[in-house]
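Data block below; observations after.
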Amino acid sequence: MTERNQGIQFDPAALRDIRINAPATERRAASMAGRRSLKKNHQAAWLLNAVRAIDLTTLAGDDTEDRVARICAKARQPVAAELLEAMGVNSLTTGAVCVYPTMVAAAKRALEGSGVPVASVATGFPAGLMPLDLRLAEIRYAVDEGADEIDIVITRALALRGEWSALYDEIAAMRAACGAAKMKAILATGDLKTFENVARASHVAMQAGADFIKTSTGKEGVNATLPVSLVMCRAIRDYREQTGFKVGFKPAGGLKTAKDALAWQVLMFEELGPDWLRPDLFRIGASSLLGDLERQIHHHVTGRYAAGYAQAIA
């Protein structure tokens, strides 16, 4: 397992010199899909790896314990057993199940013995516009319910006003409230407006001890994009070179197809290396994506696409 990011003291000097060449970033991101030719067995292996990186998520206003149990059953067996057997794979689970704090206990019961961690959103997700003491209390509640991971949201206004020290203090307090639970810091990049703001917010979150940085809540107008993800991955690389700590990355929102899953994995491999293809350093925030991954895996094994009704609903 990767050593947790312990964070460092707030370092404003690391932020001042950040400049992002937007056209170059866009060009590099656009080239990702073609940087590796993944065919046949190699492509199938990367599709399976995408499955094990998924944070299978239900964050609906009408969530029930029964719905959470169904999601957890899918997390335990995301791909049909006969397909895995045909590919020589003994078992496969998703990276985690992500729910609201009030559903954590139900998810823990449904996943008992599976090894699949339970992640909980907190801190007034998705807007985060609650007093800090209430946001910290929500983290502690989720942890007390058994959450293994906490997905927090930052106060976007602090980033937009350039109040980086205040943002650091807020995230550090959230990290302390998480205790032993891993913390994923959602930057809501679609709200941050510029690549420079995304890069600076990434550095601040990592300095404050985030175990993962995450693009989006999935509720913004613009969610995960390859250019923004590239900026965040290079911030992760810079932070590792500065501190030695490896921080994970989670794109969320907008990844819907197997082609998307492959493109983001190529980004991880090209920019950060093979360690970032493991679930302890790479997660995908998606649920609908799993259906297309299973569909493509079925085609690899059988030579035909499965009918929609033949695939278990996540």
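The values are calculated or read from the model by the stated rules, or taken from the named source; none is laboratory data. Every value quoted in this text rests on a predicted model; they were computed, and no experiment measured them. Glycine gets a Cβ as well: all are built from the backbone with ideal geometry, and neighbour counts include every protein chain shown. Each accessible area value is taken on the protein alone, full model and side chains, heavy atoms only, with ligands, DNA and RNA left out. Shrake-Rupley method; radii C 1.70, N 1.55, O 1.52, S 1.80 Å.
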Taking the criterion of being over 21 Å from residue 33 (Cα atoms), at pLDDT below 95 and surrounded by 19 or more Cβ atoms within 10 Å (Cβ to Cβ), would at least one residue in segment 229-250 satisfy it? no
So which of 301, 266 is assigned to a helix (DSSP H, G or I) and more than 20 Å from residue 94 (Cβ to Cβ)? 266
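Inspect all residues belonging to segment 96-116 and state whether any of them is acidic (Asp, Glu) and in contact (Cβ under 8 Å) with a residue 24 or more places away in the chain. Even if it seems obvious, please write down each step before you answer.
Within segment 96-116, the first condition is being acidic (Asp, Glu), and the residues that meet it are 112.
Checking which are in contact (Cβ under 8 Å) with a residue 24 or more places away in the chain leaves us with none.
No, segment 96-116 contains no residue that is acidic (Asp, Glu) and in contact (Cβ under 8 Å) with a residue 24 or more places away in the chain.
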Selection from segment 236-262 of residues part of a loop (DSSP other than H, G, I, E, B) and more than 20 Å from residue 95 (Cα to Cα) yields 244, 245
Any residue in segment 29-36 that is out of contact with any strand residue (DSSP E or B) (no Cβ under 9 Å at 6 or more places or on another chain) and surrounded by fewer than 11 Cβ atoms within 10 Å (Cβ to Cβ)? yes
Of all residues in segment 107-140 being of a type in the set (Gly, Ala, Ser), in contact with a helix residue (DSSP H, G or I) (Cβ under 7 Å, 6 or more places away or on another chain) and open to solvent by 10 Å² or more (accessible area, probe 1.4 Å), which is nearest to residue 201 (Cα to Cα)? 124
Here the residues within segment 272-289 that are in contact with a Leu (Cβ under 9 Å, 6 or more places away or on another chain), within 24 Å of residue 27 (Cβ to Cβ) and either part of a loop (DSSP other than H, G, I, E, B) or open to solvent by 10 Å² or more (accessible area, probe 1.4 Å) (or both) are 272
Would you mention how many residues in segment 195-228 are open to solvent by 10 Å² or more (accessible area, probe 1.4 Å), polar (S, T, N, Q) and either touching a residue at least 40 places away in the same chain (Cβ under 8 Å) or within 22 Å of residue 257 (Cα to Cα) (or both)? 3
Can you name the number of the only condition in (1) under 21 Å from residue 198 (Cα atoms); (2) touching a residue at least 24 places away in the same chain (Cβ under 8 Å); (3) open to solvent by 20 Å² or more (accessible area, probe 1.4 Å) that residue 21 fails? (2)
Cβ-Cβ under 7 Å, sequence separation 6+ or interchain: first residue in segment 120-144 and under 12 Å from residue 154 (Cβ atoms), partner open to solvent by 80 Å² or more (accessible area, probe 1.4 Å). Which pairs? 126/219
Looking at segment 141-163, which of its residues are within 17 Å of residue 202 (Cα to Cα) and either open to solvent by 20 Å² or more (accessible area, probe 1.4 Å) or more than 21 Å from the chain's Cα centre (by Cα) (or both)? 155, 156, 157, 158, 160, 161, 162, 163
Filtered residues of segment 84-103 (kept if buried (at least 24 other Cβ atoms within 10 Å of the Cβ) and either under 22 Å from residue 40 (Cβ atoms) or among the hydroxyl-bearing types (Ser, Thr, Tyr) (or both)): 94
Can you tell me which residue is nearest to residue 217 (Cα to Cα) among those in segment 60-83 that are surrounded by fewer than 19 Cβ atoms within 10 Å (Cβ to Cβ) and not charged (D, E, K, R)? 60
State whether the residues of segment 86-102 include one that is of a type in the set (A, V, I, L, M), touching a Pro at 6+ places or on another chain (Cβ under 9 Å) and in a strand (DSSP E or B). yes
Which of the numbered conditions does residue 184 fail, given that it passes all the others? Conditions: (1) out of contact with any Phe, Trp or Tyr (no Cβ under 6 Å at 6 or more places or on another chain); (2) of a type in the set (Lys, Arg); (3) surrounded by 21 or more Cβ atoms within 10 Å (Cβ to Cβ). (1)
